[in-house]
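Below is one structure; the comments refer to it alone.
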Amino acid sequence: MNMTLTPDQQAMLDGANGAALAKCLQTLVQYGEAFGAKRLVPIKSAHLTGSFKIFFYTAYYEIIQQLVADGVKVKVPTTLNPRPGYEYTPQNRLVFRGQQWHESQLEALGIIPNYSCVCYRHHNIPEQGDVLGWAESSAIIYANSVIGARTNRNSIMVDICQAVTGLTPEFGYLLDENRRGQVRIKLDVDKMDAAALGFLVGKIAVDRVPVLDHHPFTLDQLKNMGAAMASSGGVTLFHVIGVTPEAPDEATAFGGNEPEETVTVTQAMLDELRTEHAIAKDAKVVAFGCPQMTLEEVLELAPHFAGRKVKKRTLFHLIPAAYEQLEGRPEYQQLKDAGVELLQHCPLAGLSLRIGLGRKEVLTPSGKLYYYLEGTRYGNLEDVLAICGVMEEAA
């Protein structure tokens, strides 16, 4: 299928704005045509996953360098995923040795240096119905599901092309017909563990749209549940009846259709995901924050650490803007005194360079980190706090 372009878009494709922008638009046209898109539509904002300078994304860095050389700036507000890490270890120096150069290139394009996968909480806040050009699966699923904005699950390279053109092909989750529920998820749960639920729902739904029973999830629970769903499966949009904006009731969530499948998630299924306690005790590192922690999440956990010392190396990975907010509060020093390491980078990058492959050294309450990071075990929040030594172990 040949996409229909406006005169301005055709001129850009023909090189009127430079060769680099023409390449970016050509990429979007080919991307859209592969999925049957008939046109390109404007976006309100972009979010990039390519915040790392790492050796195997050569083409990505080349196009960015060409865009900078041509004096191109992003057309819409554009944010970035987290930095890879702050430790100047030999591994970091080798793998991310071009990081400072890459960041200077991104700055030259006019990109907001927020360095967070939770862009929607501080620097890139969309509204319901906005069309976005986002990458980062956890941000995409949150924007689609919790906010009711519209974005496909875009990849690195596509992300920068959208940012500098201000356009995205119209297909997939930008269209009403693809946002209707397909799988009904019933909940038979006494004690909610949102990250574990997301992990299970991702495996059940795979790439379909799940519709969950009503539950009064907090925004942070929705963040962590969606991130897990988008990791264990390819879920890009979910609905919670009476909670998310496109699901005021079951009939609306399914667009008047019957569900393709109905699955009940039980408490036993959530509990089964948790690592055997005796093995979890052997963890060397306890990692919170994937996606990065909000200020509210940190403040909720901080009282458990006040006046105590952690028994395991404990890492809190925060949104940088949340870290700045925390610095002015007493909880900041309380956590530092307890031995908690307060960090602002990406735990997937930072931990993967330190942890021996095949060794279950990390314990986490994050469904996303558990899925992606080799050497990780899962525990619910109470499990993890007990292993940290700041909560009494359950009988």
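Key figures
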{"read-out": "Residue among Gly85, Gly32 that alone is assigned by TED's automatic domain parsing to the domain that holds Gly98, more than 13 Å from Ala163 (Cα to Cα) and assigned to a helix (DSSP H, G or I)", "value": "Gly32"}
{"read-out": "Subset tally (residues that are free of Cβ contacts under 8 Å to residues at least 24 places away in the same chain and surrounded by 15 or more Cβ atoms within 10 Å (Cβ to Cβ)) for segment 319-349", "value": "2"}
{"read-out": "Checking Ala302 against (1) under 26 Å from Ser51 (Cβ atoms); (2) at pLDDT 90 or above, the condition it does not meet", "value": "(1)"}
{"read-out": "Residues of segment 378-393 satisfying the condition of being assigned to a loop (DSSP other than H, G, I, E, B) and aliphatic (A, V, I, L, M)", "value": "Val390, Met391"}
{"read-out": "Residue check for Arg184: surrounded by 18 or more Cβ atoms within 10 Å (Cβ to Cβ), under 17 Å from the mean Cα position of the chain (by Cα) and outside any helix (DSSP H, G or I)", "value": "no"}
{"read-out": "Those residues of segment 239-277 which are closer than 27 Å to Ile387 by Cα, among the polar types (S, T, N, Q) and in a loop (DSSP other than H, G, I, E, B), in sequence order", "value": "Thr275"}
{"read-out": "Hits in segment 278-297 - residues which are assigned to a loop (DSSP other than H, G, I, E, B) and out of contact with any helix residue (DSSP H, G or I) (no Cβ under 9 Å at 6 or more places or on another chain)", "value": "Asp282, Lys284"}
{"read-out": "Of the criteria (1) farther than 17 Å from Ile156 by Cβ; (2) out of contact with any Gly (no Cβ under 9 Å at 6 or more places or on another chain); (3) of a type in the set (A, V, I, L, M, F, W, C); (4) assigned to a helix (DSSP H, G or I), which one Ala22 fails", "value": "(2)"}
{"read-out": "Residue check for Glu127: surrounded by fewer than 19 Cβ atoms within 10 Å (Cβ to Cβ), in a helix (DSSP H, G or I) and either among the acidic types (Asp, Glu) or modelled with pLDDT of 95 or more (or both)", "value": "no"}
{"read-out": "Odd one out for Ser138 among (1) without any contact (Cβ under 8 Å) to a residue 60 or more places away in the chain; (2) closer than 30 Å to Arg83 by Cβ", "value": "(1)"}
{"read-out": "Residue tally, condition farther than 19 Å from Thr218 by Cα and either touching a His at 6+ places or on another chain (Cβ under 9 Å) or touching a residue at least 60 places away in the same chain (Cβ under 8 Å) (or both), over segment 268-318", "value": "23"}
{"read-out": "Segment 187-219, subset of a type in the set (Val, Ile, Thr) and in a helix (DSSP H, G or I), residue surrounded by the most Cβ atoms within 10 Å (Cβ to Cβ)", "value": "Val201"}
{"read-out": "Qualifying positions in segment 98-120 - touching a Phe, Trp or Tyr at 6+ places or on another chain (Cβ under 9 Å) and at pLDDT 95 or above", "value": "Gln105, Val118, Cys119, Tyr120"}
{"read-out": "Residues of segment 7-57 classified as more than 18 Å from Gly71 (Cα to Cα) and touching a residue at least 12 places away in the same chain (Cβ under 8 Å), total", "value": "30"}
{"read-out": "Matching residues in segment 36-64 - criterion: being over 24 Å from Cys119 (Cβ atoms) and touching a strand residue (DSSP E or B) at 6+ places or on another chain (Cβ under 7 Å)", "value": "Ala37"}
{"read-out": "Residues located in segment 3-19, provided they are assigned to a loop (DSSP other than H, G, I, E, B) and either closer than 14 Å to Gly133 by Cα or among the charged types (D, E, K, R) (or both)", "value": "Asp14"}
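A quick yes/no check of all residues on (1) buried (at least 18 other Cβ atoms within 10 Å of the Cβ); (2) in contact with a helix residue (DSSP H, G or I) (Cβ under 7 Å, 6 or more places away or on another chain):
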position: Thr266; (1), (2): no, no
position: Met269; (1), (2): no, yes
position: Glu300; (1), (2): no, no
position: Val310; (1), (2): yes, yes
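The values are calculated or read from the model by the stated rules, or taken from the named source; none is laboratory data. Quantities reported herein were computed from a predicted structural model and do not represent experimental measurements. All Cβ positions, even for glycine, are placed from backbone atoms using ideal geometry, and neighbour counts span all protein chains on display.
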